[in-house]
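The values are calculated or read from the model by the stated rules, or taken from the named source; none is laboratory data. This one's a predicted model, so the numbers in the text were calculated from it and none came from an experiment. Please note: Cβ atoms are built from the backbone with ideal geometry, for glycine as well, and neighbour counts cover all protein chains shown.
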Amino acid sequence: MSTSRRDFLHMSAAGVAGMSLAASRLELRSTHPQSALRILVLGGTGFIGPHMVRYALQRGHTVTIFNRGRSNTHLFPQVERLIGDREDNLESLKGRNWDVVIDNSATVPWWVRDTAQLLKDSVDRYLFTSTRSTYSDFTQIGLNEDSPQHDPDPSAVDERRSQGYGPNKVLCEREALRAFGDRTLIVRPGLIVGPGDNTDRFSYWPIRVDKGGEMLCPGDPENPVMFIDVRDLAEWYIHMLENSTVGIYNGLGPEAPLSFAEMIYGCRAVTSAEVSFTWIDTDFLLDRGLRPYRDFPCWMPARGDRAGFQRFDLTRPLAAGLTYRPLAVTARDTLNWHKTRPVERQATLRAGLAPEREVEILAEWHASPR
Ligand SMILES: NC(=O)c1ccc[n+]([C@@H]2O[C@H](COP(=O)([O-])OP(=O)(O)OC[C@H]3O[C@@H](n4cnc5c(N)ncnc54)[C@H](OP(=O)(O)O)[C@@H]3O)[C@@H](O)[C@H]2O)c1
């Protein structure tokens, strides 16, 4: 898979045009915030929260975190920590006020209803972390923020009845909007990746490349892929809060379409491992019960009811100042972070193909008539 000269010139021209857009997006990031914000983070100690807390502190804002005090309790000793439980104990939030709330921890709508109703008169704005999974139809290419969403049963909120991840998040968004109206900021990220991601999904790829040898790569090398580096998301959140941005935004990247092959080669760029890539046909993999996303994280064949899963329209997030680190930086930092984990954790990834299964499938592929 080599990039032709014509493709390269096309990419370069697009890059130059993109540079002026990127420059104007950077203007949305003032060197110093005009005033320090008082930010309440619901969550703050899982995967995405710490990156937001860290960046907000760097920018001179004051941060309070609210959680049960169970996850990563060593983090942020300098930050005010309110203990409570979104299920049934919001006492520590009462009688307090902040400029903005970042709600990362809600996956059920009654959590958003309860905090948003409690805080609507004592907080200016509410940022809710939603998800791409709120969309109901991925057959379309170029989904934007107005594309159809799931249509869950609204009575599920009062009855505390889960409707599943995506539909729950639709109801969460509605609860945030019901309490905060045009003071609401909703972001719908796709796969969030980078240092600290304990799901090992994107991480599987740089880790696998770094292991070397013959590596199984799934499907069509041109298949599109989208994700977002957690640090790009975190920085964008804080800049949007500084700019008083409201509205609804998809949270995905990169800006220029990325193929699966480009993602893999981007990972190879950050290791010196001797590795070779064997691309195996989509149907060959599916026929053997291998599942997109689970056995091959990030990989979703762009066809049928998933044709648009990794081809979102990014007009709005780009206009709202979302910028992207180079893929090599994401891959390098993820790999370096992985190598700081305990040895036994490094040896047992939570996503991706088990090494012995990879060897089996490669052997079958080489033996198959083609
Ligand atoms: N990862 C992805 O690819 C992806 C993609 C799209 C959207 N998202 C969204 O991103 C968010 C996940 O972010 P994260 O887990 O990394 O967030 P986080 O803010 O870093 O961590 C989750 C926090 O929630 C707290 N928490 C959990 N249960 C709680 C409860 N009952 N009451 C109070 N606090 C509670 C945890 O602390 P304690 O345990 O101490 O309570 C922890 O601080 C979710 O909303 C998810 O839908 C993720």
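Only a single criterion out of (1) over 30 Å from Gly181 (Cα atoms); (2) polar (S, T, N, Q); (3) surrounded by fewer than 19 Cβ atoms within 10 Å (Cβ to Cβ) is not satisfied by Ser244, namely (1).
Annotation: Pro292 fulfils all but one of (1) at negative phi; (2) surrounded by fewer than 17 Cβ atoms within 10 Å (Cβ to Cβ); the unmet one is (2). Consider region 247-260. How many of its residues are more than 18 Å from Val193 (Cα to Cα) and surrounded by fewer than 18 Cβ atoms within 10 Å (Cβ to Cβ)? The qualifying residues number 1.
If the condition is being within 12 Å of the ligand (Cβ to nearest atom) and not basic (Lys, Arg), then region 196-221 contributes Gly196, Asp197, Asn198, Thr199, Asp200, Phe202, Ser203.
Within region 131-184, if we keep just the residues that are of a type in the set (S, T, N, Q) and touching a Ser or Thr at 6+ places or on another chain (Cβ under 8 Å), the residue that is farthest from Leu119 (Cα to Cα) turns out to be Gln140. Kindly check whether there is at least one residue in region 347-364 that is surrounded by 18 or more Cβ atoms within 10 Å (Cβ to Cβ) and outside any loop (DSSP other than H, G, I, E, B). Yes, the conditions are met somewhere in region 347-364. Just one residue in the set Leu252, Leu233, Leu258 is within 10 Å of the chain's Cα centre (by Cα) and closer than 19 Å to Pro301 by Cα; that residue is Leu252. Kindly list, by first and then second residue, each pair from a residue in region 83-99 that is more than 19 Å from Phe180 (Cβ to Cβ) to a residue that is aliphatic (A, V, I, L, M) and assigned to a loop (DSSP other than H, G, I, E, B), limited to pairs with Cβ atoms under 9 Å and residues at least 6 apart or on different chains. Matching pairs, first to second residue: Gly84/Leu90; Glu87/Val108. Note on region 159-185: residues that are within 12 Å of the ligand (Cβ to nearest atom) and either outside the structural domain of Asp99 (by TED's automatic domain parsing) or surrounded by fewer than 20 Cβ atoms within 10 Å (Cβ to Cβ) (or both) total 2.
Looking only at region 241-277, filter to residues that are touching a residue at least 60 places away in the same chain (Cβ under 8 Å) and in contact with a Phe, Trp or Tyr (Cβ under 7 Å, 6 or more places away or on another chain); which one of those is farthest from Asp210 (Cα to Cα)? The selected residue is Asn250.
Just checking, how many residues over region 335-345 are without any contact (Cβ under 8 Å) to a residue 60 or more places away in the chain and either surrounded by 14 or more Cβ atoms within 10 Å (Cβ to Cβ) or polar (S, T, N, Q) (or both)? Residues that pass the stated criteria total 1. Only one entry in Ser122, Ser92, Ser136 is surrounded by fewer than 19 Cβ atoms within 10 Å (Cβ to Cβ), hydroxyl-bearing (Ser, Thr, Tyr), within 23 Å of the chain's Cα centre (by Cα) and more than 10 Å from the ligand (Cβ to nearest atom), namely Ser136. For region 145-158, check the following and say yes or no: at least one residue is farther than 16 Å from Val246 by Cβ, more than 14 Å from the ligand (Cβ to nearest atom), over 20 Å from the mean Cα position of the chain (by Cα) and among the β-branched types (Val, Ile, Thr). Within region 145-158, one or more residues are farther than 16 Å from Val246 by Cβ, more than 14 Å from the ligand (Cβ to nearest atom), over 20 Å from the mean Cα position of the chain (by Cα) and among the β-branched types (Val, Ile, Thr). Considering (1) touching a Phe, Trp or Tyr at 6+ places or on another chain (Cβ under 7 Å); (2) in a strand (DSSP E or B); (3) within 16 Å of the ligand (Cβ to nearest atom), the lone condition that Glu235 does not fulfil carries the number (2).
Within region 38-81, if we keep just the residues that are part of a helix (DSSP H, G or I) and within 7 Å of the ligand (Cβ to nearest atom), the residue that is surrounded by the fewest Cβ atoms within 10 Å (Cβ to Cβ) turns out to be Pro50.
Of these, Arg332, Arg303, which one is under 30 Å from Leu57 (Cα atoms) and of a type outside the set (Ser, Thr, Tyr)? Reasoning before the result, please.
Values: Arg303 fails: under 30 Å from Leu57 (Cα atoms).
Only one candidate passes the filter, namely Arg332.
Where residues in region 101-111 are near the ligand (Cβ under 10 Å from one of its atoms) and β-branched (Val, Ile, Thr), which of them is farthest from the chain's Cα centre (by Cα)? So, considering only residues that are near the ligand (Cβ under 10 Å from one of its atoms) and β-branched (Val, Ile, Thr), the one farthest from the chain's Cα centre (by Cα) is Val108.
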